[in-house]
Each structure stands twice: as structure tokens, then as C-alpha cells.
Amino acid sequence: MKVFELSRRSFLIVAFTAVVVVACTAVIGWQYRSNLDYKGMRVTGINVVTSEEVTALAAVPDDMLHYSIAVDSVRLRIEKHPWIGSADVRRTAVGKLNIQIVERRPVALAAVNGVPDHYLDASGFRIPLAQGVAFDLPVVSGHVGRYGTDAPNQRVSDRSLREMLNALDKLDERTLALVSEIQVKSTGSISIQTIAIPGRKSIPVVLGEMDFERKLIRLAAFWEQVVLKKPEATISTIDLRYDNLISTT
């Protein structure tokens, strides 16, 4: 009986000691977190955007306490940059912020009156031109609008153009390489100009208002089977507006 009481007393002492240790550790940890100074940020994932731009948008004062920083607010401020698609902002235990950036990826260059005006990504978001940066992309002209046309969200309102941009993002390199220019009409109808090849000029291709990915895949097959293999064939235009029909003149 005495042995049992002694064991029970020893257990209670050990348990109480453990609780005290855990509580003290929690208090020390809380004090450390409460007094930890902000020690800067580490920015990754950038190519066009600069770390200085991210730092300026984050707008975190140097004298802030690390755990008083509202990371969601920092993320929202950073994502206002037109080249930034998303930002992931996380604290580290040593007082720094880790910021992972995903930049927008242009799929086309919008031109107004023959002059490059802005880029467009696969979702139709307008991206301003960046100094010292150039991309080899199809040129969009016609009813496309200038940068700032769709402010504040900067996403093009034309449904056909958005679908076309989304299609460009899904094409393989061989098919995408055929598209040199994209013309957008006010009606929403879209046509393209193919690349020029030896012995042939660029060919206009009428696509219509929808199903652009499927139509461009059909164009690639027609290009391989007819345009390249039958140089004697006279082709002035290609019409892909109708299902299962490729019309040429």
C-alpha cells in the first residue's frame, strides 16, 4: 500500500514538473515571438519584377515587430503589381518574410496602330511593357484596346479574345509557331496570319468566334499534310469557321 502511495506521489510530482516546464517554455516562446524584430524579406520567383519593387509594394516598416506584420495585407499589396499573378508570404522563425512570386506569363503582344502597347496573358489580363524585356509572341491587333482600357482589373472584356488567348496557352510549340498575327474584329470574330515559309507568303486564316484550340490543331494538321507537302497548291485564304470543314480559296 505504501509502495502504491509512493508511486502515485512520484507520478504527481513528475506530472506537475512537466506542466511547469511546458508552461515556462510557452511563456518564453511567447515573449520571444512578441519581441522579435522584423529582419527583412527574401523574394524568389522573379524575372521581370525586381526585388526592390516587391519591397516597395510590401511596405513593411523596418522597425516593426515580426509577428505584428499582417502577412495577408502584405500579399494583397504585392499582388497589385500588374506583372505579379500571385504571391505567397510566410514568416520564418528568425524574423524574415519569405515571399514566393508567380509572375504573369504573356502569350501575346497587343499592338495599337502598329505600335506595341502591352502584353496579354492566358486569362486576358493586360500586362504593361517592361523595359529591357522582350518575348517572341503572336501580335494581336484590331479591336483590342489600349493598356488601361479595362481598369481597374485590366482583364479584356471581349469573350472571343479571352478564349483565343487561353487557347494559345494550351497549344504545343509546333502549332503555336504557325500563328504570327491575330486580328480581332468588333463583332468578336477572330482571324490569324500564319508564318511565311519559303515559297509561300503568310496565309490569312478565318477562325470565327469560338473553339479556337480545336481549330488551330486542325490548322496544324492541314499545314503538315497540304501546305508543306503540296507547294503547287494555290492557297490564298483558309476558312475554319465550320465544323469538320476546311475551306480554301
Fill in: Among residues of the stretch 96-117, those that are more than 30 Å from Val71 (Cβ to Cβ) and in a strand (DSSP E or B), counted
9
Worksheet item: Is it true that Val205 is of a type in the set (Val, Ile, Thr) and either closer than 22 Å to Val107 by Cα or in contact with an Asp or Glu (Cβ under 7 Å, 6 or more places away or on another chain) (or both)?
Response: yes
Worksheet item: Can you name the condition, by its number, that Ala108 falls short on among (1) among the hydrophobic types (A, V, I, L, M, F, W, C); (2) free of Cβ contacts under 8 Å to residues at least 60 places away in the same chain; (3) within 30 Å of Gly142 (Cβ to Cβ)?
Response: (2)
Worksheet item: How about the stretch 89-119: which of its residues are over 20 Å from the mean Cα position of the chain (by Cα), surrounded by 16 or more Cβ atoms within 10 Å (Cβ to Cβ) and of a type in the set (Lys, Arg)?
Response: Arg91
Practice prompt. May I ask you to say which residue of Arg162, Arg174, Arg218 is outside any loop (DSSP other than H, G, I, E, B), surrounded by fewer than 17 Cβ atoms within 10 Å (Cβ to Cβ), among the charged types (D, E, K, R) and on the phi < 0 side of the Ramachandran plot?
Written response: Arg174
Worksheet item: Which one of these does Glu209 not meet: (1) at positive phi; (2) in contact with a Ser or Thr (Cβ under 7 Å, 6 or more places away or on another chain)?
Response: (1)
Item to complete: Tell me, yes or no, whether the stretch 148-157 has at least one residue that is in contact (Cβ under 8 Å) with a residue 12 or more places away in the chain and either more than 27 Å from Leu76 (Cα to Cα) or crowded, with 21+ Cβ neighbours inside 10 Å (or both).
Response: yes
Worksheet entry | Number of the exception - Ile197 against (1) touching a helix residue (DSSP H, G or I) at 6+ places or on another chain (Cβ under 9 Å); (2) at pLDDT 95 or above; (3) surrounded by fewer than 19 Cβ atoms within 10 Å (Cβ to Cβ) | (2)
Worksheet item: Does any residue of the stretch 58-68 turn out to be surrounded by fewer than 18 Cβ atoms within 10 Å (Cβ to Cβ), touching a Leu at 6+ places or on another chain (Cβ under 6 Å) and not polar (S, T, N, Q)?
Response: no
Worksheet item: Between residues in the stretch 222-236 that are free of Cβ contacts under 8 Å to residues at least 40 places away in the same chain and under 16 Å from Thr249 (Cβ atoms) and residues that are of a type in the set (Asp, Glu) and loosely packed, with under 10 Cβ neighbours inside 10 Å, which pairs lie under 8 Å by C-beta distance while being six or more apart or on different chains?
Response: none
Fill in: Which numbered condition Arg90 misses (of (1) touching a strand residue (DSSP E or B) at 6+ places or on another chain (Cβ under 6 Å); (2) within 30 Å of Leu168 (Cβ to Cβ); (3) charged (D, E, K, R); (4) not assigned by TED's automatic domain parsing to the domain that holds Val184)
(2)
Worksheet item: If you check Glu79, Glu53, which single one turns out to be within 19 Å of Glu103 (Cα to Cα) and in contact with a strand residue (DSSP E or B) (Cβ under 6 Å, 6 or more places away or on another chain)?
Response: Glu79
Practice prompt. Just one of (1) assigned to a strand (DSSP E or B); (2) more than 16 Å from Val48 (Cβ to Cβ) trips up Leu120, so point out which.
Written response: (2)
Worksheet item: Can we say Val74 is surrounded by 10 or more Cβ atoms within 10 Å (Cβ to Cβ) and modelled with pLDDT under 55?
Response: no
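The values are calculated or read from the model by the stated rules, or taken from the named source; none is laboratory data. Keep in mind the model is a prediction, meaning the values are calculated, not measured. In this analysis, Cβ positions are derived from the backbone assuming ideal geometry, glycine residues included, and neighbour counts consider all displayed protein chains.
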